[in-house]
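Down below is the structure, laid out as structure tokens.
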């Protein structure tokens, strides 16, 4: 159907934003997947049951009731899970330097923990499931200090 010079199409997802809405939604879906895969890599088993959500809100707003004419607003939003909680134990002690009471946590050396390997990822590293030792194609990893 044509009104004036500009052709009109039925109100569908593929006709919104000059036909570019579906491309934008597909790009958001790609971002959703990338973000969730990175989350699983970073948090490993703690990522169980975490979910990422793509919400697409479509609003019709009447701007001219006599014609009638509407503004169509599309608002995609991606929600990524927050980091899982971590727990440390703090103990009450007196600060040696100031003599003031304060909470202290144990100072553990930071260790890099390899994230889980996803089935499609290629890597030259393997992790011994019993010892946690990381090796690279025939080479043992450097000994921990």
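The values are calculated or read from the model by the stated rules, or taken from the named source; none is laboratory data. The structure presented is a predicted model; accordingly, all values stated were derived computationally and were not measured. Here Cβ is always computed from backbone atoms with ideal geometry, including for glycine, and neighbour counts include all displayed protein chains.
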Look through 64, 75, 48 and report the one residue that is exposed (fewer than 10 other Cβ atoms within 10 Å of the Cβ) and closer than 23 Å to residue 20 by Cβ. 75
Residues of the stretch 1-56 satisfying the condition of being without any contact (Cβ under 8 Å) to a residue 12 or more places away in the chain and in a strand (DSSP E or B): 2, 3, 6, 7
Do you know which of the residues in the stretch 1-45 that are modelled with pLDDT of 90 or more and closer than 20 Å to residue 59 by Cβ is surrounded by the most Cβ atoms within 10 Å (Cβ to Cβ)? 21
Please give the strands (runs of 3 or more DSSP E) falling wholly within the stretch 60-145 in which 1 or more residues are modelled with pLDDT of 85 or more. 69-79, 90-94, 101-105
